[in-house]
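*Asks:* One structure is given below, represented as structure tokens, and several questions about it will come after.
The values are calculated or read from the model by the stated rules, or taken from the named source; none is laboratory data. Please read these numbers as outputs of a predicted model, since none were measured by experiment. Positions of Cβ are backbone-derived with ideal geometry, glycine not excepted, and every protein chain shown enters the neighbour counts.
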Amino acid sequence: MNAARAKRRAKLAEADALLAGLDDFLLSTLGLTPPPKDERKVFAVTQGRLKHEGRVDPGYHHPRFSKLIAAFASSQIPKVCLGVLSPELVGGATPTRGSSEFYAKTGVKFLRILNVKANEFDLTELNFIKQEVHEGELKRSQLAANDILMTITGRVGNAAVVTEDLLPANINQHIVRLRLCDTLVTPEFLAIWLNSSIGLAISNRGVTGGTRIALDYSTIRALQIPVPSDGVQQTIAAEARRRREEARRLRAEAEAGWQAAKCWFEEQLLGAEKS
């Protein structure tokens, strides 16, 4: 059993490392070199900078953000504001009616923050809403294939692309729907960038709020998105798919091996008791 646990941990760690390594692949392919991590606790900001940028909260001015943004800005990759790529940002809602009128045991998937992970969806804890709610009160936030969902409160910045097998689906108010209006970037590349270390740093820098941080729509529209060639975008997307598929295989093998070990252990234990 100890050996089985060790094999399971090793496969899960390998899967996690594959997904984590996508960030290095993305930045390397784009020719971006992020600065060394800056974890300082104390730093100074000039009054002029506070006035120029219009923010006085200390987290916004931490040197790590300035260095990352400067490194990104100095790259030769063309950039465009997210609001140009997706002019209409749509958030969901949670109606004030009773849960018996709103939720259902099956039907239209109602996605929450916990369902949106980096470049994928987690449907293990899923709520459903009634079809009439989806077609009525929440019609504006209905999802379509190739929409990009981005979390905007709590765990800010996680993004994933909606696929056909997820539909029909809708979202609550803690998620924003991005729907691309041109072909400058692909949905998959945009999600990968938003989930990257630089993409997350840029989006998380703009959060507001104290006990519950949030990202407002004007800040989202202003986010700078790199626009590499279509070939580069396709290369990055293909590598992301390969890593996700390999990670799923490793996780499935880890779980199957562990279940087989438990079954073997139970058989040995029951056999010993019978003898």
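*Asks:* Looking only at the range 61-98, count how many residues are over 21 Å from the mean Cα position of the chain (by Cα) and either of a type in the set (A, V, I, L, M) or under 18 Å from Ser218 (Cα atoms) (or both).
*Replies:* Within the range 61-98, residues that are over 21 Å from the mean Cα position of the chain (by Cα) and either of a type in the set (A, V, I, L, M) or under 18 Å from Ser218 (Cα atoms) (or both) number 4.
*Asks:* Looking at the range 256-274, can you tell me whether even one residue there is of a type outside the set (Asp, Glu), surrounded by 12 or more Cβ atoms within 10 Å (Cβ to Cβ) and in contact with a Leu (Cβ under 6 Å, 6 or more places away or on another chain)?
*Replies:* Scanning the range 256-274 turns up no residue that is of a type outside the set (Asp, Glu), surrounded by 12 or more Cβ atoms within 10 Å (Cβ to Cβ) and in contact with a Leu (Cβ under 6 Å, 6 or more places away or on another chain).
*Asks:* What about Leu149, is it surrounded by 15 or more Cβ atoms within 10 Å (Cβ to Cβ) and either at pLDDT below 90 or touching a Lys or Arg at 6+ places or on another chain (Cβ under 9 Å) (or both)? Spell out how you get there, then give the answer.
*Replies:* Details: surrounded by 15 or more Cβ atoms within 10 Å (Cβ to Cβ): yes; either at pLDDT below 90 or touching a Lys or Arg at 6+ places or on another chain (Cβ under 9 Å) (or both): yes.
Criteria met by Leu149.
*Asks:* Any residue at all in the range 201-210 that is small (Gly, Ala, Ser) and at positive phi? If you could, list the steps in order and put the result at the bottom.
*Replies:* From the range 201-210, those small (Gly, Ala, Ser) are 201, 203, 206, 209-210; that's our starting set.
After this cut, where a residue has to be at positive phi as well, the list is 209.
Yes; the residues of the range 201-210 include at least one that is small (Gly, Ala, Ser) and at positive phi.
*Asks:* Next up: Which of (1) surrounded by 13 or more Cβ atoms within 10 Å (Cβ to Cβ); (2) within 21 Å of the chain's Cα centre (by Cα); (3) in a loop (DSSP other than H, G, I, E, B) does Glu137 not meet, given it meets every other one?
*Replies:* With respect to (1) surrounded by 13 or more Cβ atoms within 10 Å (Cβ to Cβ); (2) within 21 Å of the chain's Cα centre (by Cα); (3) in a loop (DSSP other than H, G, I, E, B), Glu137 is out only on (2).
Okay, residues lined up against (1) of a type in the set (Phe, Trp, Tyr); (2) at pLDDT 85 or above; (3) more than 23 Å from Ala191 (Cβ to Cβ); (4) surrounded by fewer than 13 Cβ atoms within 10 Å (Cβ to Cβ):
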position	(1), (2), (3), (4)
Lys41	no, yes, yes, yes
Thr46	no, yes, yes, yes
Val56	no, no, yes, yes
Leu68	no, yes, no, no
Leu85	no, yes, no, no
Pro95	no, no, yes, no
Phe110	yes, yes, no, no
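*Asks:* Going through Thr46, Thr33 one at a time, which residue ends up being among the hydroxyl-bearing types (Ser, Thr, Tyr) and touching a residue at least 12 places away in the same chain (Cβ under 8 Å)? I'd like the intermediate steps shown before the answer.
*Replies:* Values: Thr46 fails: touching a residue at least 12 places away in the same chain (Cβ under 8 Å).
When all the criteria are applied, what remains is Thr33.
*Asks:* Here's a follow-up. In the range 184-205, which residue that is surrounded by fewer than 18 Cβ atoms within 10 Å (Cβ to Cβ) and touching a residue at least 60 places away in the same chain (Cβ under 8 Å) is farthest from Ala159 (Cα to Cα)?
*Replies:* In this case the residue turns out to be Leu184.
*Asks:* Do we have Thr219 as within 30 Å of Tyr60 (Cα to Cα), modelled with pLDDT of 90 or more and β-branched (Val, Ile, Thr) here? Walk me through it before giving the result.
*Replies:* Working: within 30 Å of Tyr60 (Cα to Cα): yes; modelled with pLDDT of 90 or more: yes; β-branched (Val, Ile, Thr): yes.
For Thr219, the condition - within 30 Å of Tyr60 (Cα to Cα), modelled with pLDDT of 90 or more and β-branched (Val, Ile, Thr) - is met.
For (1) touching a helix residue (DSSP H, G or I) at 6+ places or on another chain (Cβ under 8 Å); (2) closer than 30 Å to Glu266 by Cβ; (3) at pLDDT 90 or above; (4) surrounded by fewer than 16 Cβ atoms within 10 Å (Cβ to Cβ), each residue gets a yes or a no:
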{"position": "Ala4", "(1), (2), (3), (4)": "yes, yes, yes, no"}
{"position": "Arg8", "(1), (2), (3), (4)": "yes, yes, yes, no"}
{"position": "Gly21", "(1), (2), (3), (4)": "yes, no, yes, yes"}
{"position": "Thr29", "(1), (2), (3), (4)": "yes, no, yes, yes"}
{"position": "Asp38", "(1), (2), (3), (4)": "yes, no, no, yes"}
{"position": "Leu50", "(1), (2), (3), (4)": "yes, no, no, yes"}
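*Asks:* Tell me yes or no: at least one residue of the range 100-116 is free of Cβ contacts under 8 Å to residues at least 60 places away in the same chain, closer than 20 Å to Val156 by Cβ and of a type in the set (S, T, N, Q).
*Replies:* Yes, the conditions are met somewhere in the range 100-116.
*Asks:* Strands (runs of 3 or more DSSP E) wholly in the range 29-116 with at least 1 residues that are farther than 28 Å from Glu135 by Cβ - which ones?
*Replies:* Working: elements: 79-81, 89-91, 108-111.
Hits in the range 29-116: 79-81.
*Asks:* Then there is this: Can you tell me how many residues within the range 206-226 are closer than 21 Å to Pro35 by Cα, touching a strand residue (DSSP E or B) at 6+ places or on another chain (Cβ under 6 Å) and either small (Gly, Ala, Ser) or surrounded by fewer than 19 Cβ atoms within 10 Å (Cβ to Cβ) (or both)?
*Replies:* 1
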